[in-house]
Amino acid sequence: RGASQDASPWGQRLPWALVASLTVTLLALAWLWPTSDTVPAPVRRFSFTFPDVVHASISPNGRHIAYESSGQLWIWDLDQDEPRMLHDQGERPFWSPDSRLVGFHAEGQLWKIPGHGGSVDLLCEAGRFFSGAAWSPDDRTRRL
C-alpha cells in the first residue's frame, strides 16, 4: 500500500457518510420548504378617459392610483370599486416611497396629503409652470 491511501475504516466510509448526510439534509429541506398556497390577486380592469383623467400615478406598492380630473385630486384604491376625491384641487400627483403620501401641485406650490385623506401640508414653492416631482428613495431629498 502507498502512503497516500488511508487504510482505516473511517477513511473509506467518510465520503459515503458525507454523501448520505447531504442527501438526507436536501430531502428534509425539500419536504419542509414552504410552498406558496396563496391565491393570486384578482386582475382588475379599468380605464380612464382623456381628457377627464390626466397625469395618473401608480403608488409604489401597486395598490393605488392617484390622478387629476377637472382640477381635483382623486385616488383609486384598487381593492375598491370606485375612486374617491382626495382633495378639491391638485395636479401632477406623485407618491412617497412608502405609498402613504401623495404629493401634488396646486396654486404654484407643492403639497402633500395622506393617501387615505386628511389635511394637506405645504412642501415648497414650485412656480406656475410645474412639470413634475418625485420623492427620493430615502424620503429626504426632493427633486423638481
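Among the residues of the range 72-82, which ones are open to solvent by 40 Å² or more (accessible area, probe 1.4 Å) and not acidic (Asp, Glu)?
At the first step, the residues of the range 72-82 found to be open to solvent by 40 Å² or more (accessible area, probe 1.4 Å) are 72, 74, 78-82.
Gln72, Trp74, Leu78, Gln80, listed by residue number.
Summed over the range 92-123, the residues that are open to solvent by 20 Å² or more (accessible area, probe 1.4 Å), in a strand (DSSP E or B) and either over 13 Å from Ile75 (Cβ atoms) or touching a helix residue (DSSP H, G or I) at 6+ places or on another chain (Cβ under 6 Å) (or both) give a count of 7.
Every condition in (1) at pLDDT 70 or above; (2) open to solvent by 100 Å² or more (accessible area, probe 1.4 Å); (3) of a type in the set (A, V, I, L, M, F, W, C) holds for Ala17 except the one numbered (2). The single condition from (1) modelled with pLDDT of 70 or more; (2) not in a helix (DSSP H, G or I) that Leu22 fails is (2).
Among the residues making up the range 83-112, those that are over 20 Å from Pro60 (Cα atoms) and among the charged types (D, E, K, R) are Asp88, Glu107.
Among the residues of the range 124-137, count how many are without any contact (Cβ under 8 Å) to a residue 40 or more places away in the chain and surrounded by fewer than 16 Cβ atoms within 10 Å (Cβ to Cβ). Reasoning before the result, please.
Kept after step one, since they are without any contact (Cβ under 8 Å) to a residue 40 or more places away in the chain, are these residues of the range 124-137: 124-131, 136.
Still in the list and also surrounded by fewer than 16 Cβ atoms within 10 Å (Cβ to Cβ): 124-125, 127-129, 131, 136.
Residues flagged as without any contact (Cβ under 8 Å) to a residue 40 or more places away in the chain and surrounded by fewer than 16 Cβ atoms within 10 Å (Cβ to Cβ) within the range 124-137 amount to 7.
The values are calculated or read from the model by the stated rules, or taken from the named source; none is laboratory data. Quantities reported herein were computed from a predicted structural model and do not represent experimental measurements. When we count neighbours, we look across all protein chains shown, and the Cβ atoms used for this are built from the backbone with ideal geometry, even at glycine. For accessibility, only protein heavy atoms count, side chains too; no ligands or nucleic acids. Shrake-Rupley method; radii C 1.70, N 1.55, O 1.52, S 1.80 Å.
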